[in-house]
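The structure appears right after this line, and notes come after that.
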Amino acid sequence: MIAIPEPTDLCRLAEKHDTDKGTSYTQTYHRWLGHLREQRLRMLEIGLYNGGSLRMWRDYLPQAVLHGIDIEPRTLSYQDEVPNSQVRLVDQGDPAALEAFVAELGGHYDFVLDDGGHTMLQQIVSFEVLWPQIMPGGVYAIEDFGTSYFVEYGGQDLRHPDTAADYVKDLVDAVQRDQALMPPQGVRSAVSPIALAKMRRDVASVHVHPGLALIVKKF
Ligand SMILES: C[S@@+](CC[C@H](N)C(=O)[O-])C[C@H]1O[C@@H](n2cnc3c(N)ncnc32)[C@H](O)[C@@H]1O
């Protein structure tokens, strides 16, 4: 029998810092990051809102380099409050802006967390630009993954192509079969078919939870 996990430090910190991250998210992150807490990880969160999650990560990962992006000018001030953090105004749906951000701050992330605008375009474009920046063994997380089924976010009914959920289902094929050289199915791609094929070769595993997808890179 698999025991229900105890509330973790991260769950308590999420509450303390008034983030919108529920226990199901924080317990999952703790499973992936709990043994790395004292390491100098490089982490990026897309979407900062009131800065609570940046403060939460600061407490949970005291050695980590924390980067954050948002489109709200007020979020720039969080980098003055949170030690060893950098915040930039970047639209996650704009590939050129994301590339410029990576060029400025160096990329090479152990953990990227997309908690931004949650539209299909934003989730897919951000993944395609930032996945190459994930370090071997690193994790890319997409929160509010259920927006794939909400029309107001560009989502669709079940089994409809061109959603972030469908995109991630394609990555399951990349893990299970040598499908890496197949042309992309979606039309929202921010990168060339060749770049996309290369990215798919790097996927070690795909984990889907209610409202959350995690894509893990091969070592
Ligand atoms: C759900 S809130 C983030 C919550 C925060 N991560 C937490 O856990 O408490 C979403 C944030 O994404 C930002 N956002 C919306 N569209 C965006 C975009 N295109 N690029 C970057 N950030 C965006 C919003 O301004 C907002 O601050």
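Out of all the residues in region 28-55, which are part of a helix (DSSP H, G or I) and either under 16 Å from the mean Cα position of the chain (by Cα) or of a type in the set (Val, Ile, Thr) (or both)?
Once the filter is applied, which keeps residues that are part of a helix (DSSP H, G or I) and either under 16 Å from the mean Cα position of the chain (by Cα) or of a type in the set (Val, Ile, Thr) (or both), region 28-55 yields Thr28, Tyr29, His30, Arg31, Trp32, Leu33, Ser53, Leu54.
Failed condition for Tyr149, given (1) buried (at least 20 other Cβ atoms within 10 Å of the Cβ); (2) of a type in the set (Phe, Trp, Tyr); (3) modelled with pLDDT under 95, with all others met?
All conditions are met except number (1).
Go through region 67-82 and give me each residue that's within 12 Å of the ligand (Cβ to nearest atom) and touching a helix residue (DSSP H, G or I) at 6+ places or on another chain (Cβ under 8 Å).
Gly68, Ile69, Tyr78
When the residues of region 44-60 are filtered to those that are away from the ligand (no atom under 12 Å from the Cβ) and not hydroxyl-bearing (Ser, Thr, Tyr), which remaining residue is surrounded by the fewest Cβ atoms within 10 Å (Cβ to Cβ)?
Asp59
Is there a residue in region 95-102 that is modelled with pLDDT of 95 or more, among the hydrophobic types (A, V, I, L, M, F, W, C), within 19 Å of Lys217 (Cα to Cα) and not in a strand (DSSP E or B)?
For region 95-102, residues modelled with pLDDT of 95 or more, among the hydrophobic types (A, V, I, L, M, F, W, C), within 19 Å of Lys217 (Cα to Cα) and not in a strand (DSSP E or B): present.
Quick one: Glu15 ticks every box in (1) buried (at least 19 other Cβ atoms within 10 Å of the Cβ); (2) within 15 Å of the ligand (Cβ to nearest atom) except a single one, so which number is it?
Unmet for Glu15, out of (1) buried (at least 19 other Cβ atoms within 10 Å of the Cβ); (2) within 15 Å of the ligand (Cβ to nearest atom): (1).
Among the listed residues Gln63, Gln27, identify the single one that is farther than 22 Å from Ile142 by Cβ and either touching a residue at least 12 places away in the same chain (Cβ under 8 Å) or more than 14 Å from the ligand (Cβ to nearest atom) (or both).
Criteria check complete, one pass: Gln63.
Six or more apart or on different chains, Cβ atoms under 6 Å: show the pairs whose first residue is in region 162-178 and assigned to a helix (DSSP H, G or I) and whose second is basic (Lys, Arg).
Ala174/Arg200
The values are calculated or read from the model by the stated rules, or taken from the named source; none is laboratory data. Just so we're clear, the structure is a prediction, and the values are computed from it rather than from any experiment. Note that we place each Cβ from the backbone using ideal geometry, even for glycine, and neighbour counts take in every protein chain shown.
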